[in-house]
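First the structure, in the form of structure tokens, and then the observations on it.
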Amino acid sequence: MATLKGAIRAYSSTVRKIEREQQKRAREAAKKFKEQQKLQEIQDAKKAAKNWSNYVEMLQSVHKNCTNTIDWEEIKREPKPIKPIRTSKYSDFAQKQLDHFHPNIIDKIFGFAKTKIKVLETKLIKAKEKDENEFNIANENFKRELNNWEELQEIAEEVENQNPEFYKKALEYFNPFSDIGELGTQIKFSFNENLIDIELYINSEEIIPDYELKLTSTGKLSKKSMVKSKFNELYQDHVCSSVLRVAREVFAYLPISYARINAISNILNTKTGYLEEKPILSVIIPPETISNINLEKIDPSDCMDNFIHNMNFKKTIGFSAVEKVEKSK
């Protein structure tokens with residue numbers, strides 16, 4: 001019986017030891033899981049805060065990206081596309097194989113010669129078709145390149161002659177505002193020799209987040225409503241940045257003396273109670289002035305003071321409608 005009791009005690013001790021080890025491993029696993037979960041939460045919070053910060057920065061810096069200036073003289077020096085020459089490289093090779101075919105003794109005995117000649121003749125027909133297809137493709141490419149070259153040559157010539165009709169064609173050809181989403185919803189142009197008049201239907205305030213995301217000292221994500229004055233100033237910067245970007249794009253293509261850009265938005269008419277499309281910023285920008293500004297360092301709203309402009313903005317209420325600015329002013 002003593003031996004049996006000893007065995008039971010030893011067995012019970014082993015079970016308890018195993019249970020303790022299992023509980024220890026479970027606690028360690030739970031602790032590790034919580035640490036990993038916390039680390040993931042911190043990483044997710046950092047990513048969310050960074051994405052928010054990057055987005056806000058983008059709203060205020062759309063003016064920093066721009067097309068490289070077009071060198072119209074260089075375009076005029078572009079050589080005329082060369083018309084392709086019809087070749088017969090495939091048919092020449094097939095013809096050579098047919099001309100140099102000589103039936104061997106087996107061909108003569110079993111009558112294979114006619115069959116082989118027929119195969120070579122078929123190859124010759126297909127080779128001629130291949131030569132023709134390659135020429136047709138090259139010729140179609142040439143026609144497209146020639147039309148493109150002629151169109152661009154005409155645009156380059158007339159743009160340098162300050163022909164307003166071709167200012168429009170130049171912008172339509174290069175289409176710098178094809179992805180207008182970061183600037184607004186629509187853009188319209190009118191031209192004369194030295195001035196381009198632009199109406200930019202600016203993005204609404206909905207593009208601005210009404211909250212702020214920040215990391216706390218413990219690595220958690222803090223979300224709070226954005227102060228109205230900060231919200232309005234951020235929207236003001238976005239509007240001014242968008243206007244600067246439009247001016248830069250236009251000056252990259254056209255040798256004009258001024259661009260008047262009118263940022264159009266839906267503004268509440270307090271007399272009627274309805275929203276109306278009105279300018280909230282109107283500015284005349286000469287290319288030489290904007291070229292002397294360090295656009296990487298500016299505050300877009302403050303930058304408007306470099307130009308003749310109309311803007312009625314208050315931190316507490318945002319934009320109000322303004323009249324289009326006139327150069328004489």
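Each reported figure results from applying straightforward, stated rules to the coordinates on display, with no laboratory input. These figures come from a predicted structure and were not determined experimentally. Cβ coordinates were reconstructed from backbone atoms using ideal geometry, including for glycine residues, and neighbour counts include every protein chain displayed.
Okay, here's what the table says:
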| quantity | calculated |
| --- | --- |
| For the chain, built as a Gaussian network whose Cα springs stay under 10 Å, the top-fluctuating residue of I198, I285, I208 | I208 |
| Given charges at Cβ of Lys, Arg, Asp, Glu: the chain dipole, positive-most of N292, W52, I196 | W52 |
| Within a Gaussian network of the chain (alpha carbon springs, distance under 10 Å), most fluctuating of P103, P287, P255 | P103 |
| Charge-dipole axis of the chain as Lys and Arg at +1 and Asp and Glu at -1 on Cβ define it, positive-most pick from I117, Y167, V250 | I117 |
| Under the Karplus curve 6.51 cos²θ - 1.76 cosθ + 1.60, θ = phi - 60°, whole-Hz ³J(HN,Hα) for segment 217-227, x wherever Gly or Pro sits | 5, 8, x, 8, 8, 10, 10, 9, 5, 6, 4 |
| Rg/Rh for segment 60-104, where both radii come from Cα atoms and Rh is the Kirkwood radius | 1.59 |
| Given charges at beta-carbon only (K, R positive; D, E negative), |dipole| of the chain in Debye | 3440 debye |
| Using θ = phi - 60° and Karplus 6.51 cos²θ - 1.76 cosθ + 1.60, couplings along segment 66-75 (whole Hz; Gly, Pro as x) | 6, 5, 5, 4, 7, 9, 5, 5, 5, 4 |
| 10 Å beta-carbon shell around L183, net charge (K/R +1, D/E -1) | -2 |
| For volume of the Cα convex hull per residue in Å³, calculated from these coordinates, the label among (i) 380; (ii) 132; (iii) 178 | (i) |
| Tensor-based shape of segment 68-175 (alpha-carbon gyration tensor, a/c under 1.5 rounded, otherwise prolate or oblate) | prolate |
| Ranked I125, I290, criterion: other C-beta atoms within 10 Å, fewest first | I125, I290 |
| Listed residues H102, N147, A321: farthest to the positive end of the dipole of the chain (Cβ charges) | H102 |
| Given K188/K271; K24/K220; K214/K314; K47/K223; K76/K297, the pairs whose alpha carbons are separated by over 24 Å | K188/K271; K24/K220; K214/K314; K76/K297 |
| Computed helical MRE - 222 nm, the chain, DSSP H runs ≥ 4 contributing -39500 (n - 2.57), nearest 500 | -18000 deg cm²/dmol |
| Equivalent ellipsoid dimensions for segment 211-250 as semi-axes, Å, which come from the Cα gyration tensor, largest first | 31, 13, 5 |
| Protection proxy ranking, peptides 315-324, 274-283, average beta carbon neighbours within 10 Å, highest first | 274-283, 315-324 |
